[in-house]
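For reference, the structure is listed below as structure tokens.
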Amino acid sequence: MAHRLSLRMLLGVTLATLPAAALLAQFKDAHDPPPSGWSGPTFKLSQNYPQTVPALESASKRPWRQFDFKKPSQAPKFLQAVLNYCLEGNTANNFADVSQNPVRTWYHAPWLDAGPSGREFIHGMTKERPSRPGELGPSQTGSHDNWAVGFYNARGGYTIGQVWKDPAHPDPRKSTFPAQTVTCKLLFTTAPIAEVPFLQGTLEWQGDITRASGTGPRPTLRLLQLDVAVKDSRANPTIGWVFGTFQYEHDASTSPNWWDHLVPVGLMWGSDVARLKSDQPTQQEWINAARGQKLHLGRKDLVLNGPIDNPRGSCTACHGFAQIATVATPTPPIPGGPPGDAATPAALDRYFTNIKAATPLSADYVSLDYSLQLQIGITRAIASGQASLPPMPVHGMAVGAHPGPPHLKEVTRDPDETP
């Protein structure tokens, strides 16, 4: 099924002349619709984006602001406060519909339905890099797929809506997120309990990950990782964002609630490439040494990355490459993945050097402010032929609307990732 085109393309009118209701449901929910007779849960893209920048929630609703994430004694409190914010109003239905959260509405990025890894129709999950044998612990003997779904709070939802205000011409120049944007992402694995025994009791979802027909049950996936990120001015000297990750651990609690078993892996506000080049732990992060499952981190276990992520990268490095090229051969090129263990200092600089928030790599790019969801969505929309970049200057020269560079590529965490 093709994506719905903007009403501007169909009727020759401007979006500004349309009532608000006409702007809704512009984007597909999932790669495939539910089959006829399906009675299970069905994902709905939360796309009623705010039309104006939402006011900051009260300080009591943003308790992480009282904690200094750069201090080891306060970093876990910062992380827990952000996690609680993401959980509030979402646990009663286990994140089944974040648009109906009674506390605050959350929003999805569009166009992640397209392609082989696109959103499945039950929970809107997209395919991530697979976990190789041993990455999830010594009991893991096979390679297993991972799927995830992420969402933004209202301040982030506003920015997504501005980028996609004209669905036929997504504008990456409008992607600067306001302060206190929060994003949360749930990551699930297909690994069986026998290979990941620490996932006993975790949240389980069925997912249409094999694109099956009929109304029968779909494969079971288990929550392994939960990521959060906050745009925080205290991180402006490095990247302007604070990234954190949690992992589920059965033995972390006796609570019947799966969310009480989420253990912080750590948080970071930069990759500290100077120390990585010296094979030293970085100083722009906090790692929870008390976590029960010592699964891999990032590069040589020196920098934060989640258990589903690439063990050669870092949380912040790949997100810094959320950029859209405006020329066919941009300089520098975006790396195809993190460098190997024997990488040169120059290669480490290219991948791990901190990129400030909303800052392009060079004049050949427009930054998407650390949002890979925007980067992937825009890339897929342009690749489909149903969208093009709007008029924008290239090297200071005004140009008309164009389809973008002929080989616009998605940013991946792994060269083997399927777009």
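No value in this document is a laboratory result; all are computed from the given coordinates. In this text the structure is predicted, and so the values were computed from the model without any measurement. Using ideal geometry, Cβ is built from the backbone for each residue, glycine included, and neighbour counts are taken over all protein chains shown.
For segment 27-311, build the charge dipole from Cβ charges (+1 Lys, Arg; -1 Asp, Glu) around the Cα centre, then report which of THR189, PRO217, ASN236 sits farthest towards its positive end.
It is ASN236.
Could you give the size of the charge dipole of segment 155-212 about its Cα centre, using +1 on the Cβ of each K and R and -1 on the Cβ of each D and E, expressed in debye and rounded to the nearest 20?
The dipole of segment 155-212 has a size of about 360 debye.
If you take all C-alpha pairs in segment 274-366, what percent of them are over 15 Å apart?
Cα-Cα pairs in segment 274-366 separated by more than 15 Å: 62 percent.
Using modelled backbone amide H atoms (1.01 Å from N, in-plane), which distant-in-sequence or interchain residues come within less than 5 Å of LEU389's amide H?
So LEU389 has HN proximity to HIS402, GLY404.
So what J values fall out for segment 186-203 if you push phi through Karplus, 6.51 cos²θ - 1.76 cosθ + 1.60 with θ = phi - 60°, rounded to Hz, Gly and Pro as x?
With coefficients 6.51, -1.76 and 1.60, one gets 9, 10, 10, 10, 8, 4, x, 4, 4, 9, 9, x, 6, 8, 4, x, 6, 5 Hz.
Could you bin all the Cα-Cα distances of segment 223-377 into 5 Å bins starting at 0 and give me the percent of pairs in each, rounded to whole numbers?
Per 5 Å bin, starting at 0, the Cα pair percentages come out as 2, 10, 18, 21, 19, 15, 9, 4, 2, 1, 0, 0.
Under the rule that a partner needs its Cβ under 4.7 Å from the first Cβ, which Cys of the chain have none?
Result for the chain is CYS315, CYS318, no neighbouring Cys Cβ within the cutoff.
Long-range amide H contacts for GLN323: which residues qualify at under 5 Å (H placed 1.01 Å from N, peptide plane, sequence gap of 5 or more or a different chain)?
HN-HN under 5 Å from GLN323: LEU368.
Which residue, chosen from TYR158, THR42, SER139, occupies the Cα position most advanced towards the positive end of the dipole of the chain, where the dipole is computed from +1 (Lys, Arg) and -1 (Asp, Glu) charges on Cβ about the Cα centre?
Positive-end residue among those listed: TYR158.
In whole Hz, with x marking every Gly and Pro, tabulate ³J(HN,Hα) for segment 148-155 from phi via Karplus 6.51 cos²θ - 1.76 cosθ + 1.60, θ = phi - 60°.
8, 9, x, 7, 10, 6, 4, 5
Give the whole-number value, in cubic angstrom per residue, of the convex hull volume spanned by the C-alpha atoms of segment 107-215.
153 Å³
Going from the alpha-carbon gyration tensor of segment 248-325, what semi-axes, largest first and in whole Å, does one get by taking the root of 5 times each eigenvalue?
26, 15, 10
Taking θ = phi - 60°, what integer Hz values does the Karplus form 6.51 cos²θ - 1.76 cosθ + 1.60 yield along segment 90-103, in sequence order, with x for Gly and Pro?
3J(HN,Hα) across segment 90-103, in whole Hz: 10, 7, 4, 10, 6, 6, 5, 8, 6, 6, 9, 4, x, 8.
Which whole-number percentage describes the relative contact order of segment 27-311, with Cα contacts under 8 Å and a sequence gap of 6 or more?
Averaging sequence separation for qualifying contacts and normalising by length gives 16 percent for segment 27-311.
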